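**Student:** Pasting in a structure now, in structure tokens, and then I'll have a few things to ask.
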Amino acid sequence: MVDQGWTARTSRLVHITEVPTPMRYAVEEHCAGQLMGELAGASACCLTAITEPGGSTGTVRHRLDILLGRHLLSAGDGPHRGYARSARLTAVTLAAPTPYGVLITARWQAHGRAESCWLGFGDSPDGRTFLLLLRTAVERASGQVPAGACGRSAHRTGRFSRVR
């Protein structure tokens with residue numbers, strides 16, 4: 001689960017109620033401030049544990065990525081303070097995709113100008129599934145993929161499985 005040669009990432013699809021409380025509150029506050037709607041309407045939530053090297057024990061932090069209607073929301077519990085930011089899917093560009101993550105450029109609403117960042121998910125099946133859902137949502141928002149073309153559906157648990 002080593003990503004970019006030095007950082008281990010493990011991702012899992014979760015229901016919004018499984019998100020740690022402080023992070024969930026930060027995300028709910030951000031959504032209210034941006035008038036984005038309720039988190040219960042999220043189509044996918046992916047919680048990624050990121051372990052950075054540091055002697056015998058690495059530093060573990062978490063990032064939460066949410067597909068919510070027409071938005072991508074990303075939140076984290078960084079070393080100094082947490083953050084939550086969002087971007088409209090129509091303003092998101094994905095580049096350099098790999099099986100482990102993607103370089104994303106977006107006009108994050110909290111910052112106002114386009115910025116790029118790496119969204120790494122590691123090599124877990126849930127991380128790869130979220131990456132597929134993200135790519136499909138961005139393509140659909142830009143008009144490149146017709147609705148229903150993803151081949152996946154959400155269940156009440158918030159997890160995803162292949163439609164038969």
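The values are calculated or read from the model by the stated rules, or taken from the named source; none is laboratory data. In this text the structure is predicted, and so the values were computed from the model without any measurement.
**Student:** In the list Val27, Val19, which residue meets the criterion of being under 19 Å from Gly127 (Cα atoms) and at pLDDT below 90?
**Tutor:** Val19
**Student:** Further, regarding this structure: Can you give me the number of residues within the range 35-58 that are modelled with pLDDT of 80 or more and more than 16 Å from the chain's Cα centre (by Cα)?
**Tutor:** Qualifying residue count for the region: 1.
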